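Please read the structure below before turning to the comments.
The values are calculated or read from the model by the stated rules, or taken from the named source; none is laboratory data. Values in this document were obtained by computation on a predicted structure and should not be read as measured data. A quick note on method: Cβ atoms are made from the backbone with ideal geometry, for glycine too, and the neighbour counts reach across all protein chains shown.
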């Protein structure tokens with residue numbers, strides 16, 4: 001939750017977070033994320049803090065987005081109460097939509113990190129779409145009935161290349 005709002009109503013703070021545990025009776029553990037600038041490196045980093053909150057009806061479950069409010073100490077670790085469940089875990093939308101967004105996001109990140117480099121999946125798709133082209137090293141087929149050779153007529157065989165270099169030296 002990058003937009004974890006801390007609001008003060010009177011003297012009580014409220015926070016929005018995600019439930020990470022509901023195994024205890026009438027208690028949930030809520031993870032609240034916030035963005036802060038690193039003091040040395042000046043990069044924006046994501047920090048998480050876990051709060052134990054009182055859930056009287058055991059209404060919230062793992063993955064739910066909830067609103068919690070500061071309260072008096074209810075136990076050794078509980079200082080927060082559940083106010084409302086903002087969004088249930090299954091109400092976010094279809095999982096296929098989220099995956100499509102993640103693929104597009106990862107492609108954009110890859111493109112920004114490696115400009116000019118083609119992703120492996122894109123390279124395979126591009127090679128499948130393009131017709132089979134002759135290799136750049138091979139000469140074009142002659143127009144006449146003469147058989148095609150690998151080397152042009154003016155070149156010496158590959159084995160004589162070191163001898164030619166010695167003769168010029």
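Side notes on the structure shown:
- Any chance residue 14 is in contact with a strand residue (DSSP E or B) (Cβ under 9 Å, 6 or more places away or on another chain) and at pLDDT below 95: no
- Odd one out for residue 103, checked against (1) assigned to a loop (DSSP other than H, G, I, E, B); (2) modelled with pLDDT under 90: (1)
- Of all residue pairs spaced 6 or more apart or on separate chains, none has beta-carbon atoms under 9 Å together with a first member in the range 27-48 that is on the phi > 0 side of the Ramachandran plot and at pLDDT 95 or above and a second member that is surrounded by 10 or more Cβ atoms within 10 Å (Cβ to Cβ) and not in a strand (DSSP E or B).
- Scanning the range 10-29 for residues that are loosely packed, with under 13 Cβ neighbours inside 10 Å and within 22 Å of residue 90 (Cβ to Cβ) yields one hit, 23.
- For the range 30-58, the set of residues classified as surrounded by 12 or more Cβ atoms within 10 Å (Cβ to Cβ) and more than 10 Å from residue 19 (Cβ to Cβ) consists of 32, 33, 34, 48, 49, 50, 51, 52, 54, 58, listed by residue number.
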